[in-house]
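The values are calculated or read from the model by the stated rules, or taken from the named source; none is laboratory data. Keep in mind the model is a prediction, meaning the values are calculated, not measured. Neighbour counts are summed over all protein chains in view; Cβ atoms, including those assigned to glycine, are modelled from backbone coordinates with ideal geometry.
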Amino acid sequence: MGQSLKKEILSWFKSLLFAVILVFICQQFIFTPMTVLGSSMQPTFTNKEKVIVSKTSSPKRFDIVTFHAPGTNDDYIKRVIGLPGDHVKMQKDMLFINGKKYNEPYLKSAKSALDGQDYLTNDFDIHVPDNTLFVLGDNRKVSNDSRIFGTIQSESVIGVVKCTYYPLKHFSLTNH
C-alpha cells in the first residue's frame, strides 16, 4: 500500500507542476490579469477593477492598452488615440485624426456633465512618431497620459485589455 500511495502522490505532484508551468507560460506570453489603479479611465473602468490583458494582440485605434509608464516603475491603462504617423488634434473637445473628425462615445457622460463654457480636453496638436502611440485616459480632467509624458514606445505596451472580470457585476468580454 505504501508504494501505491507514493505513486498517487507523485501523479498529483506532476499534474500540479504541469498546471503551474502552464499558467506561468500563459501569463508570460499570452495573457495576464491586471488591476486598474486610480480614476483616470472612469467611467470605462473604476479603481480596483480587474481585467485580462492579451499579450498577443496588436493595439488598434481606440483599444485600451496597459503599458509600462515612461519614467516610472508603474503600469498604466489608457486608450490608444494616435498610431505611428498620425496627426492628432483636439480642438474644442472635437478629436481629429489625420484631418478626419472622430466621435468619442465613451466620453458622452463626462461631456454632458460639463457646463457650456468648459471643455473636457484641452486643445492640442501632435504628430505621432514612428514606433510610438498617443494614449489618453477616458477621465480627461485627471488623467496622466500622453498630454503630460508624451507618446509611449510601442515596445512598452504590455497588451490590449480584452475582458473585465471583477467585480462580477462589471464582467464584460467586449473591447471598450
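Across the stretch 1-57, what is the number of residues that are of a type in the set (S, T, N, Q) and over 28 Å from LEU136 (Cβ atoms)?
The initial filter retains those residues of the stretch 1-57 that are of a type in the set (S, T, N, Q), namely 3-4, 11, 15, 27-28, 32, 35, 39-40, 42, 44, 46-47, 54, 56-57.
This time we only want the ones that are over 28 Å from LEU136 (Cβ atoms), so: 3-4, 11, 15, 28.
Residues in the stretch 1-57 being of a type in the set (S, T, N, Q) and over 28 Å from LEU136 (Cβ atoms): 5 in total.
For the list (1) surrounded by fewer than 10 Cβ atoms within 10 Å (Cβ to Cβ); (2) under 16 Å from the mean Cα position of the chain (by Cα); (3) not β-branched (Val, Ile, Thr), I need the number of the one condition that GLN3 fails.
Condition (2) is where GLN3 drops out.
Tell me which of these LEU120 doesn't satisfy, since it passes every other one: (1) at pLDDT below 95; (2) out of contact with any Lys or Arg (no Cβ under 8 Å at 6 or more places or on another chain); (3) of a type in the set (A, V, I, L, M).
Single failed check for LEU120: (2).
Tell me whether the stretch 84-94 contains one or more residues that are surrounded by 13 or more Cβ atoms within 10 Å (Cβ to Cβ), without any contact (Cβ under 8 Å) to a residue 24 or more places away in the chain and touching a strand residue (DSSP E or B) at 6+ places or on another chain (Cβ under 7 Å).
Just the residues of the stretch 84-94 that are surrounded by 13 or more Cβ atoms within 10 Å (Cβ to Cβ), to begin with: 84, 86-91, 93-94.
Add one more test, that the residue is without any contact (Cβ under 8 Å) to a residue 24 or more places away in the chain, and what stays is 94.
Retained after the next criterion (residues that are touching a strand residue (DSSP E or B) at 6+ places or on another chain (Cβ under 7 Å)): 94.
Yes.
For ASP93, state whether it is over 21 Å from the mean Cα position of the chain (by Cα) and within 23 Å of LEU107 (Cα to Cα). Write out each step before concluding.
On the way: over 21 Å from the mean Cα position of the chain (by Cα): yes; within 23 Å of LEU107 (Cα to Cα): yes.
When the stated conditions are applied, ASP93 passes them.
Do the conditions hold for ASP74, that is, is it modelled with pLDDT under 95, of a type in the set (D, E, K, R) and in contact with a strand residue (DSSP E or B) (Cβ under 9 Å, 6 or more places away or on another chain)? Please lay out each step first, then the result.
On the way: modelled with pLDDT under 95: yes; of a type in the set (D, E, K, R): yes; in contact with a strand residue (DSSP E or B) (Cβ under 9 Å, 6 or more places away or on another chain): yes.
Yes; evaluated as a whole, the condition is true for this residue.
Quick one: in the stretch 96-113, of everything that is surrounded by 13 or more Cβ atoms within 10 Å (Cβ to Cβ) and within 19 Å of the chain's Cα centre (by Cα), which residue is modelled with the highest pLDDT?
GLU104
Which pairs do you get when a residue that is within 20 Å of THR46 (Cβ to Cβ), found in the stretch 106-122, comes within reach of a residue that is part of a loop (DSSP other than H, G, I, E, B) and hydroxyl-bearing (Ser, Thr, Tyr), reach meaning Cβ atoms under 6 angstrom, with the pair 6+ apart or on two chains?
TYR106/THR44
Could you please find all residues in the stretch 114-126 being surrounded by 15 or more Cβ atoms within 10 Å (Cβ to Cβ) and either within 22 Å of the chain's Cα centre (by Cα) or under 16 Å from ARG79 (Cβ atoms) (or both)? Working first, answer last.
Applying the first criterion (surrounded by 15 or more Cβ atoms within 10 Å (Cβ to Cβ)) to the stretch 114-126 yields 119-121, 126.
Listed by number, the residues that qualify are LEU120, THR121, ILE126.
Restricting the search to the stretch 133-144, which residues are under 19 Å from ILE97 (Cβ atoms) and either without any contact (Cβ under 8 Å) to a residue 60 or more places away in the chain or surrounded by fewer than 22 Cβ atoms within 10 Å (Cβ to Cβ) (or both)? Break it down stepwise before answering.
Taking the stretch 133-144 and keeping what is under 19 Å from ILE97 (Cβ atoms), we get 133-138, 140, 143.
If the condition is that a residue be under 19 Å from ILE97 (Cβ atoms) and either without any contact (Cβ under 8 Å) to a residue 60 or more places away in the chain or surrounded by fewer than 22 Cβ atoms within 10 Å (Cβ to Cβ) (or both), then PHE134, LEU136, ARG140 are the ones that fit.
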